[in-house]
Amino acid sequence: SQQGEEDPQALSIQEGENATMNCSYKTSINNLQWYRQNSGRGLVHLILIRSNEREKHSGRLRVTLDTSKKSSSLLITASRAADTASYFCATETGTASKLTFGTGTRLQVTL
Amino acid sequence: DTEVTQTPKHLVMGMTNKKSLKCEQHMGHRAMYWYKQKAKKPPELMFVYSYEKLSINESVPSRFSPECPNSSLLNLHLHALQPEDSALYLCASSLRLAISNEQFFGPGTRLTVL
């Protein structure tokens, strides 16, 4: 079953601009994670935010979590062409490290 | 060694064939996962192993048979697959089956069933 919906489905920006992706989910979570996937390859873990945290930073990434609205956002600042990829939020629920992925946002960063 | 490897990278098989996908990690992780990902869709969890024992089976058809022969290896045996099983199969591992562990993914095996 699909837990997260992401928007936009696709985003095209120029290098140097900021990119914001949003994720909404349906049930209570332990944490929310963001992953990046380059064109049909494996996923790379970007950042994890726990349910009792509201904001987290890692390099050019900023993640927010609003558990009352069941939503999260990922901000990539000063984007680069190398940031071109699909970005997935994933919610962890229950006690068994079970991740349910959102629908994903395809980001295209042009020179 | 901080990576998960998967072989083969590509696999084409007929509906009557038997084949296996292999996944390996040497990070000392004791939880390993199989996901299936269709084109332009998110990964969907299939199986989870914890300390070499099957912990979660997400109601996957029996034509997919997982095996974890040791703490570093995870196999997915395929038999009598259907064309709709064509997808990218991703393996992942994490330190253990517990809350707030990031998962490390392999590059995947692109499977085509004819």
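Just so it is clear, none of the values below were taken in a lab; they were calculated from the coordinates. Treat the numbers as computed from the prediction; the structure is a model and nothing was measured. All Cβ positions, glycine included, derive from the backbone under ideal geometry; neighbour counts span all protein chains shown.
Other chains near B:88-97: what is the mean number of their Cβ atoms within 10 Å of each residue's Cβ?
Numbers: counts 4, 0, 4, 1, 4, 0, 3, 1, 1, 4.
For peptide B:88-97, the averaged partner shielding equals 2.
With contacts defined as alpha carbon pairs under 8 Å and 6 or more residues apart, what's the relative contact order of chain A in percent?
Dividing the mean separation by the residue count of chain A yields 39 percent.
Given R₀ = 22 Å, what would the calculated FRET efficiency be for B:Arg110 paired with B:Ala80, taking r from the Cβ atoms and rounding to 0.05?
So, using R0 = 22 Å, E works out to roughly 0.65.
How long are the semi-axes of the equivalent ellipsoid of the protein assembly as shown, taking √(5λ) for every eigenvalue λ of the Cα gyration tensor, in whole Å from largest down?
30, 20, 16
Scattering from the C-alpha atoms of chain B alone, worked out with Debye: what is log10 I(q)/I(0) at q = 0.20 1/Å?
-1.05
Quick one: A:Leu107, B:Leu11, fewest Cβ neighbours within 10 Å first, how do they rank?
B:Leu11, A:Leu107
For region A:5-110, just the Cα atoms, rotate onto the principal axes and tell me the three extents in Å, largest first.
Between the extreme Cα coordinates on each principal axis of region A:5-110 lie 40, 27, 21 Å.
Past 26 Å, Cα to Cα, is the threshold; run A:Lys56/B:Lys9; B:Lys18/B:Lys53; A:Lys56/B:Lys36; A:Lys98/B:Lys53; A:Lys98/B:Lys40; B:Lys19/B:Lys41 against it and keep the listed order. List each step's numbers first, then the result.
Values: A:Lys56/B:Lys9 35 Å; B:Lys18/B:Lys53 23 Å; A:Lys56/B:Lys36 30 Å; A:Lys98/B:Lys53 16 Å; A:Lys98/B:Lys40 21 Å; B:Lys19/B:Lys41 24 Å.
Where the Cα-Cα span goes over 26 Å, the pairs concerned are A:Lys56/B:Lys9; A:Lys56/B:Lys36.
If the reach is capped at under 16 angstrom between alpha carbons, list the lysines near A:Lys70, excluding any in the same chain fewer than eight residues apart.
A:Lys26
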